[in-house]
1. Quickly run through the stretch 204-231 and pick out the residues that are touching a Leu at 6+ places or on another chain (Cβ under 8 Å), part of a loop (DSSP other than H, G, I, E, B) and either more than 9 Å from the ligand (Cβ to nearest atom) or of a type in the set (S, T, N, Q) (or both).
2. Provide a single number: the residues in the stretch 56-82 that are out of contact with any Cys (no Cβ under 6 Å at 6 or more places or on another chain) and either basic (K, R) or over 22 Å from Y284 (Cβ atoms) (or both).
3. What are the residues in the stretch 105-144 that are within 19 Å of the chain's Cα centre (by Cα) and basic (K, R), if any?
4. Considering every residue within the stretch 218-238, establish whether at least one is touching an Asp or Glu at 6+ places or on another chain (Cβ under 7 Å) and closer than 17 Å to A377 by Cα.
5. Failed condition for D17, given (1) more than 25 Å from R229 (Cβ to Cβ); (2) over 19 Å from the mean Cα position of the chain (by Cα); (3) not in a helix (DSSP H, G or I), with all others met?
6. Quickly run through the stretch 62-90 and pick out the residues that are within 20 Å of I156 (Cβ to Cβ), more than 6 Å from the ligand (Cβ to nearest atom) and either aliphatic (A, V, I, L, M) or assigned to a loop (DSSP other than H, G, I, E, B) (or both).
7. State all residues of the stretch 409-423 that are at negative phi and either without any contact (Cβ under 8 Å) to a residue 24 or more places away in the chain or surrounded by 16 or more Cβ atoms within 10 Å (Cβ to Cβ) (or both); if no residue qualifies, say none.
8. Return the pairs, sorted by first residue and then second, in which the second residue is assigned to a loop (DSSP other than H, G, I, E, B) and at pLDDT below 95, the first residue lies in the stretch 162-181 and is small (G, A, S), the beta carbons are less than 8 Å apart, and the residues are 6+ apart or on different chains.
Amino acid sequence: MDPISARPFKSTPYWWDDCAFSALPVWPVIPRCDVAIVGGGYAGLSAAIELARAGRSVQLFDRQPIGQAASSRNGGMASGSIRPGRKQLIRRFGEARANGILMEGKAAREDLWAFLEEEQVECDFFLSGLFDGAINDRECEELSRYAELLQRFLGIEAFSVSRAEVSRYIGTEVYAGGFARMDIGGLHPAKLLAGILRVARATDAVIHEDTAVLAMVAEAGGVRVATSRGEVFAKKALVCTNAYTDNFDPWLRRRLVPVRSRIVATEPLGNGVMERLMPKRMMYGDTRQLSYYYRPSPDGSRILFGGRDGTTEGDPLSPTTHLRSELGRIFPELAGIGLTHSWFGQVAMNRDMIPRMFTVGDTIYATGFCGSGVVWARWLGKKAAFKLLGQTEKALSAFDFDPPPKAVPFYQGKPWFIPIVYSLYAWRDKRAMRRKNEREKR
Ligand SMILES: Cc1cc2nc3c(=O)[nH]c(=O)nc-3n(C[C@H](O)[C@H](O)[C@H](O)COP(=O)(O)OP(=O)(O)OC[C@H]3O[C@@H](n4cnc5c(N)ncnc54)[C@H](O)[C@@H]3O)c2cc1C
């Protein structure tokens with residue numbers, strides 16, 4: 001129940017209202033295959049398409065019905081961005097790899113746009129551009145340098161937005177300025193997943209939903225995979241379970257931190273309000289550490305507003321109230337707005353905040369998308385498939401790393417430290433906002 005409007009809100013994603021997944025046919029588990037894939041989101045299904053098209057016998061297992069995890073719950077912002085800036089990347093990996101990482105984002109986005117066209121995937125895709133709001137002048141300068149870098153280095157249409165110009169992009173007084181890049185789009189994430197699933201089902205890949213992988217053990221010549229519906233020996237395995245990784249792979253769990261992200265949908269706002277608040281119907285974010293991401297719904301009728309959800313028990317009220325109050329801080333006229341949906345899903349963070357694939361024996365992992373998997377999960381699922389196929393050139397990726405260390409020292413897979421990290425981030429954000437307000441008073 002929404003405590004403000006006193007109307008019930010749905011705890012299922014807004015996207016599910018017009019995109020339902022029907023149960024897949026049940027096939028027997030085949031005792032031998034070339035490749036076993038664990039996880040049926042963007043990554044696993046995209047890998048299945050490439051592997052099956054190359055003639056490999058493929059079985060994909062998902063412990064849930066397809067369409068329950070992050071790939072149909074996300075914000076649909078097809079950004080393919082990377083959290084660390086270029087300087088940080090150079091410090092960590094050297095200039096060549098840092099440049100490779102940045103350039104691959106462009107290639108990955110374009111590959112997604114091409115896939116949508118070639119396979120005629122209808123997912124309300126719109127190359128809307130993204131506006132990032134800066135919280136103070138220092139962040140404005142940083143964004144301006146970033147815009148210049150994107151333009152000069154990658155030829156991306158990107159530009160800084162002064163405080164006076166902000167209202168052309170978004171109807172708020174909160175930001176001291178910002179930046180826009182026009183190479184990022186919005187889409188309907190569940191329809192995208194349904195489209196990838198349709199393409200995968202047209203291949204010979206066998207998709208087993210409601211079939212959990214319970215354990216995987218390396219053996220001579222491959223991997224023995226125990227599932228809830230029988231055992232399989234696969235020559236190779238591909239793990240695409242990201243933030244939903246369970247105890248079938250405790251090793252991977254220690255390398256990823258699952259973090260809950262929540263989105264609320266407002267009730268329909270009317271054309272006039274949408275025109276005032278989101279005149280260019282872009283995707284939106286800001287530079288806060290506890291950043292928020294928001295966008296218009298594909299039909300332009302309402303706002304979908306997302307951010308971190310620090311709860312662990314699934315009580316939707318406090319994080320929903322929190323998101324509504326942040327929405328109201330950015331757009332004061334929405335302070336008491338009714339909500340129709342409030343849902344959450346898990347995103348997977350890793351230590352250096354860079355998505356990756358890596359290989360351990362006969363198993364490849366494509367994982368750690370850090371909340372940006374609409375572009376990356378599909379791309380790295382494909383790259384992992386090319387690697388399994390031995391297609392060296394196609395498999396080349398700046399995101400092909402050695403297996404990562406534990407995400408946090410002594411970490412066993414339960415992120416007990418999240419509330420502490422959030423408090424620290426919230427404190428830093430408050431300090432940044434205070435600086436902005438003090439400057440404005442002067
Ligand atoms: C609320 C929210 C908002 C987001 N917003 C955005 C956004 O706007 N833009 C963006 O780029 N990204 C966003 N993301 C991130 C993006 O959705 C993910 O990075 C992406 O969907 C990951 O895809 P995937 O295929 O790796 O994993 P998933 O789609 O999460 O699929 C993993 C699958 O593995 C299965 N699995 C786990 N364990 C087992 C097992 N033992 N046996 C069998 N199957 C198993 C699960 O059931 C699940 O279906 C968001 C995520 C959330 C939750």
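The values are calculated or read from the model by the stated rules, or taken from the named source; none is laboratory data. Note that this is a predicted model, so its numbers are computed, not measured. Glycine gets a Cβ as well: all are built from the backbone with ideal geometry, and neighbour counts include every protein chain shown.
1. Answer for the stretch 204-231, where residues must be touching a Leu at 6+ places or on another chain (Cβ under 8 Å), part of a loop (DSSP other than H, G, I, E, B) and either more than 9 Å from the ligand (Cβ to nearest atom) or of a type in the set (S, T, N, Q) (or both): A205, S228.
2. Total meeting the criteria: 13.
3. K106, R109
4. Yes, some residue in the stretch 218-238 is touching an Asp or Glu at 6+ places or on another chain (Cβ under 7 Å) and closer than 17 Å to A377 by Cα.
5. (3)
6. Across the stretch 62-90, the qualifying residues are A78, G80, S81, I82, R83, P84, G85, L89, I90.
7. P409, Y411, K414, P415, W416, F417, I418, I420, V421, Y422, S423
8. A176/I135; A176/N136
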